[in-house]
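> I have a structure I would like to understand better, so I am pasting it below and will then ask my questions one at a time.
The values are calculated or read from the model by the stated rules, or taken from the named source; none is laboratory data. The shown structure was predicted, so the numbers you read here are calculated from the model rather than taken from an experiment. Heads up, the Cβs are rebuilt from the backbone with ideal geometry, glycines too, and the neighbour counts pull from every protein chain shown.
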Protein chains: 2
Amino acid sequence: MADEVAVRAQAETVRRLKQDKADPDEIAKEVAKLLEMKAQIGGDEGKHKFVLKTPKGTRDYSPKQMAIRERVFNAIITCFKRHGAEVIDTPVFELKETLTGKYGEDSKLIYDLKDQGGELLSLRYDLTVPFARYLAMNKITNIKRYHIAKVYRRDNPAMTRGRYREFYQCDFDIAGQFDPMIPDAECLKIVHEILSDLQLGDFLIKVNDRRILDGMFAVCGVPDSKFRTICSSVDKLDKMPWEEVRSEMVGEKGLSPEAADHIGEYVQLHGGLDLIERLLQDPKLSQNKLAKEGLGDMKLLFEYLTLFGITGKISFDLSLARGLDYYTGVIFEAVLLQQEDDHVEESVSVGSVAGGGRYDGLVGMFDPKGRKVPCVGVSIGIERIFSILEQRVEASEEKIRTTETQVLVASAQKKLLEERLKLIAELWDAGIKAEVLYKKNPKLLNQLQYCEETGIPLVAIVGEQELKDGVVKLRDVATREEVNVRRESLVEEIRMRTSRP
Amino acid sequence: MADEVAVRAQAETVRRLKQDKADPDEIAKEVAKLLEMKAQIGGDEGKHKFVLKTPKGTRDYSPKQMAIRERVFNAIITCFKRHGAEVIDTPVFELKETLTGKYGEDSKLIYDLKDQGGELLSLRYDLTVPFARYLAMNKITNIKRYHIAKVYRRDNPAMTRGRYREFYQCDFDIAGQFDPMIPDAECLKIVHEILSDLQLGDFLIKVNDRRILDGMFAVCGVPDSKFRTICSSVDKLDKMPWEEVRSEMVGEKGLSPEAADHIGEYVQLHGGLDLIERLLQDPKLSQNKLAKEGLGDMKLLFEYLTLFGITGKISFDLSLARGLDYYTGVIFEAVLLQQEDDHVEESVSVGSVAGGGRYDGLVGMFDPKGRKVPCVGVSIGIERIFSILEQRVEASEEKIRTTETQVLVASAQKKLLEERLKLIAELWDAGIKAEVLYKKNPKLLNQLQYCEETGIPLVAIVGEQELKDGVVKLRDVATREEVNVRRESLVEEIRMRTSRP
């Protein structure tokens, strides 16, 4: 529990760190702590105040947001099933050890659970490592599966841009020993299908290969030991200009300026089959075994993508690196391009919405005998897609229904609660989606208003006369037309009127 | 990281605790630690060995298990939507403070996250407290929502009986100020519909009311301060005989033997409207304001349940207590009764599969001004339902398909990979669920076998002759019949053959 003394001490810590020009990450951490403590004591009041919020970097989904989320999930799941994928699920946490050594510099972002006796656990950071653990544990050497679940990263959230600490990943992976590039091409086809279906505007899928990157580093004179760290510098090229990346390579990472400049020439290149052909002739790259292998496979990949008819949106891009340690072959990332809709463009920063690649060594890291299972997969990052669609819905003022209720059971007079309950039970038992107001004697106007607000299309009205006549008055909310329907035909009539054409 | 010295020290701790006849929970905890450490160092080898497993009390879901899970979810979601519920989602963790003081004695089972700087977080223990936090935070006073998500409890898992540390809850709740017992009756109707739909065999829904319990405790001479602890003793009556519960009340909790015996008379009672009427005349209970209120509402509830036609499976049961602190009115719990199927009965212990009740004070605990939002809800505990259905599937040898693939694109000769890829892209783009083997030159036999194994009903075979003739050979896997279909009619033909009647 924070108090004022503690807050002052923390403020002093932050001041000192800033003065000392400490590591920005550390300063940020201490500032966050300070804000936290301030929030806890509620400003200057010096009193503990309960803060009514979700944890930093997380959010609730309201019914309206859920309706949008369901649409996106449906599009994605439909696509995964179209490609014959099975589905699995794994626990939200793993043994801490399972995640150790898989994520390179990003490992610091893993959420650990408190040691409360028993095993040391961490929240999953992605769905790929749990998938590899699942394969090794169950000795599965051949599967095509999807998995949609939340993952957790103690990152600096930028929620307005769709960056959260708890967020969904939608993963599709193909595991097994197959002929080269056929599953890899299917993964790219899937990204293409999903982004087209969701109508998010124009997009581009950048493709590269870890072997081409490593070969390029080798011919540029990067020492073996610096491959991974130089790779993560290259990965920043989508957010930083080359000059800054270069100075990180030379200044922070101790690369020779010549090597950096050499890399600089390559990473500007992007294109299609023509570029691949050109690089296969490149006097240096073509001498490097890894690069040659990678380029050969890239050529094959582009041939398959041509058969799929999707090369128009694919770019072989030598600046694409991807941060994670476990990739071994093809890597790719899909980005949304300039939106046509200016309104949306202003408020949502456009960025990466899918990524993936080949990771042939990961399952072997879990197998006691190191047996490898080659894998390739794609992960759709749907939080950004949500952000875009949500803002689009806001802008369009489209009305989204959050329930599927077909009919409200209402009464015209008082003292008919029992009759309403009897009727609604009949409807429920027949599979009709029905609601009733939880009031003994609701006004008819209130009941009709409820339908208007929630988009219920029909009202079944019971009144004394109707009960005597064995009918129910069925009202169409939109047209206000009312007809008497015999009670025994009511279910059929509601079904008919609410079935989608 | 454990080493042998640490293991020996831990073994000594356990030995000492046992000698001292320490608290069994503590011994169990230390034994668990010891086993953990032993597992880590890999028995006697003294070497660290990585353990390939999911965390204790958790499991993966295989594609087959997922197929069963989807069926259960569908039945439950269909029911929730039939009753007009919206859906929300909340983060998997909450501020630790949000969960504090809501669960009584069960609070010790909450998973905390490690303090890595920033907020103190805990994994959610149920979906009810996050729901109440959501309502207070968004100032919502009126909603009917469902929420299906995993919750976390550091309990002693008994996985064969469907008890896990990570498990799903399917919650439906109605929040708002309404006329008494109408939403409460709907919750019971929902449990009745779901358990009937899932065909789990006979079931019984026990109902009671916290006010009746508290009134009963008062007239039996239980001091106010002991209400909650005596209530949690009563809650054990489904697992322990009365004699043991009585001795806990008197021995451990210091209740007078007379009061205990008095309680003993009441908690044996169960029945329907007749029992409620009888207790309304009970000379002692009828003098207690709380009990009288509770009994009055119970009578109303049974009247509504009669209108719903479901009293046959409902029992007013004075021994039902429910452990959680937050209930304020009606409480209920559904149990499966003796299964007809002996095979299943042997392996699955039958128990509670749904529970819930009214909690009118919980939202107010989160509101800065203490504004109350009355709520009533039900939680379906689907892990036990899974266990039962899973074992039923195993026993029946029913074959469950784990994909929805309609057609395999195959080739009869070599060197037709390109043609297969072109054809499958056409099918995918037309929305057909299609697969292709990831081999350059697969044998036709292997392709047909793959269909047999995975249940794919159709094979579209491309061969040189077919390509010349502009046709595709469509084979029905079950009947082995083959017909040539013009390429432009293929999509239509596949759709027709695989549409469900």
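> Out of B:Phe178, B:Phe167, B:Phe227, I need the residue that is touching a strand residue (DSSP E or B) at 6+ places or on another chain (Cβ under 7 Å) and aromatic (Phe, Trp, Tyr). Which one?
Checking each option against the conditions leaves just B:Phe167.
> A:His83 is checked against (1) over 13 Å from B:Thr54 (Cβ atoms); (2) at the interface with chain B (Cβ under 9 Å from one of its Cβ atoms); (3) surrounded by fewer than 22 Cβ atoms within 10 Å (Cβ to Cβ) and fails just one. What number does that condition carry?
(3)
> B:Ala321 versus (1) aliphatic (A, V, I, L, M); (2) part of a helix (DSSP H, G or I); (3) at pLDDT below 95: which is the lone unmet condition?
(2)
> Something else: Please go through the range B:297-328 and give me each residue that is away from every other protein chain (no Cβ under 14 Å) and among the hydroxyl-bearing types (Ser, Thr, Tyr), ordered by number.
Once the filter is applied, which keeps residues that are away from every other protein chain (no Cβ under 14 Å) and among the hydroxyl-bearing types (Ser, Thr, Tyr), the range B:297-328 yields B:Ser315, B:Ser319, B:Tyr326, B:Tyr327, B:Thr328.
> If you don't mind, there's one more thing I want to ask. Out of the residues in the range A:60-80 meeting the condition of being in contact (Cβ under 8 Å) with a residue 12 or more places away in the chain and at the interface with chain B (Cβ under 7 Å from one of its Cβ atoms), tell me which one is nearest to A:Phe366 (Cα to Cα).
Ranking the qualifying residues of the range A:60-80, first place goes to A:Met66.
> I'd like to check something: does the range A:439-449 contain any residue that is hydrophobic (A, V, I, L, M, F, W, C) and buried (at least 20 other Cβ atoms within 10 Å of the Cβ)? I'd like the intermediate steps shown before the answer.
Taking the range A:439-449 first, the residues hydrophobic (A, V, I, L, M, F, W, C) are A:444-445, A:448.
Adding the requirement that they be buried (at least 20 other Cβ atoms within 10 Å of the Cβ) leaves none.
For the range A:439-449, residues hydrophobic (A, V, I, L, M, F, W, C) and buried (at least 20 other Cβ atoms within 10 Å of the Cβ): absent.
> While we're looking at this one, here's another question. Hey, any hits in the range A:157-168 for a residue that's among the aliphatic types (A, V, I, L, M), out of contact with any Pro (no Cβ under 8 Å at 6 or more places or on another chain) and either facing chain B (nearest Cβ under 9 Å) or closer than 24 Å to B:Tyr168 by Cβ (or both)? Before you say what the answer is, go through the steps one by one.
Of all residues in the range A:157-168, those among the aliphatic types (A, V, I, L, M) come to A:158-159.
Remaining after also requiring out of contact with any Pro (no Cβ under 8 Å at 6 or more places or on another chain): A:158-159.
Remaining after also requiring either facing chain B (nearest Cβ under 9 Å) or closer than 24 Å to B:Tyr168 by Cβ (or both): none.
Checking the range A:157-168: not a single residue is among the aliphatic types (A, V, I, L, M), out of contact with any Pro (no Cβ under 8 Å at 6 or more places or on another chain) and either facing chain B (nearest Cβ under 9 Å) or closer than 24 Å to B:Tyr168 by Cβ (or both).
> A further question on this structure: Within the range B:52-75, which residues are in contact with a helix residue (DSSP H, G or I) (Cβ under 8 Å, 6 or more places away or on another chain) and acidic (Asp, Glu)?
Residue satisfying the conditions is B:Asp60 alone.
> For the range A:102-125, what are the residues that are more than 7 Å from every other protein chain (Cβ to nearest Cβ), touching a residue at least 40 places away in the same chain (Cβ under 8 Å) and either among the hydroxyl-bearing types (Ser, Thr, Tyr) or surrounded by fewer than 20 Cβ atoms within 10 Å (Cβ to Cβ) (or both)? Let's see the steps before the verdict.
Initially, the range A:102-125 is screened for residues more than 7 Å from every other protein chain (Cβ to nearest Cβ), giving A:102-110, A:115, A:120, A:122-125.
Cutting the leftovers down to touching a residue at least 40 places away in the same chain (Cβ under 8 Å) gives us A:102-106, A:108-110.
The answer is A:Tyr103, A:Gly104, A:Glu105, A:Asp106, A:Lys108, A:Leu109.
> For the range B:357-376, how many residues are within 14 Å of another protein chain (Cβ to nearest Cβ) and not in a helix (DSSP H, G or I)?
Residues flagged as within 14 Å of another protein chain (Cβ to nearest Cβ) and not in a helix (DSSP H, G or I) within the range B:357-376 amount to 10.
> For the list (1) part of a helix (DSSP H, G or I); (2) within 23 Å of the chain's Cα centre (by Cα); (3) among the polar types (S, T, N, Q); (4) modelled with pLDDT of 95 or more, I need the number of the one condition that B:Ser387 fails.
That leaves (4) as the condition not met.
> Has the range A:159-178 got at least one residue that is free of Cβ contacts under 8 Å to residues at least 12 places away in the same chain and surrounded by fewer than 20 Cβ atoms within 10 Å (Cβ to Cβ)?
No, there is no match, as no residue in the range A:159-178 is free of Cβ contacts under 8 Å to residues at least 12 places away in the same chain and surrounded by fewer than 20 Cβ atoms within 10 Å (Cβ to Cβ).
> Which one of the conditions (1) in contact with a helix residue (DSSP H, G or I) (Cβ under 9 Å, 6 or more places away or on another chain); (2) surrounded by 18 or more Cβ atoms within 10 Å (Cβ to Cβ) does B:Pro183 fail to meet, given that it meets all the rest?
(1)
> Hey, among A:Lys96, A:Lys81, which residue is basic (Lys, Arg) and either within 27 Å of A:Asp25 (Cβ to Cβ) or within 16 Å of the chain's Cα centre (by Cα) (or both)?
Details: A:Lys81 fails: either within 27 Å of A:Asp25 (Cβ to Cβ) or within 16 Å of the chain's Cα centre (by Cα) (or both).
Matching residue, one of A:Lys96, A:Lys81: A:Lys96.
> Considering A:Val409, A:Val335, which residue is modelled with pLDDT under 95 and either out of contact with any helix residue (DSSP H, G or I) (no Cβ under 8 Å at 6 or more places or on another chain) or of a type outside the set (Asp, Glu) (or both)?
A:Val335
> How about the range B:295-318: which of its residues are among the charged types (D, E, K, R) and either outside the structural domain of B:Val207 (by the TED database) or touching an Asp or Glu at 6+ places or on another chain (Cβ under 7 Å) (or both)?
Of everything in the range B:295-318, just one residue is among the charged types (D, E, K, R) and either outside the structural domain of B:Val207 (by the TED database) or touching an Asp or Glu at 6+ places or on another chain (Cβ under 7 Å) (or both), namely B:Asp297.
> Further question on the same structure: State the number of residues belonging to the range A:249-287 that are free of Cβ contacts under 8 Å to residues at least 12 places away in the same chain and polar (S, T, N, Q).
Counting residues in the range A:249-287 that are free of Cβ contacts under 8 Å to residues at least 12 places away in the same chain and polar (S, T, N, Q) gives 2.
> Tell me which residues, restricted to the range B:106-118, are assigned to a loop (DSSP other than H, G, I, E, B) and not aromatic (Phe, Trp, Tyr). Don't jump to the end; show me each part of the working.
Within the range B:106-118, the subset assigned to a loop (DSSP other than H, G, I, E, B) is B:110-111, B:114-118.
The answer is B:Ile110, B:Lys114, B:Asp115, B:Gln116, B:Gly117, B:Gly118.
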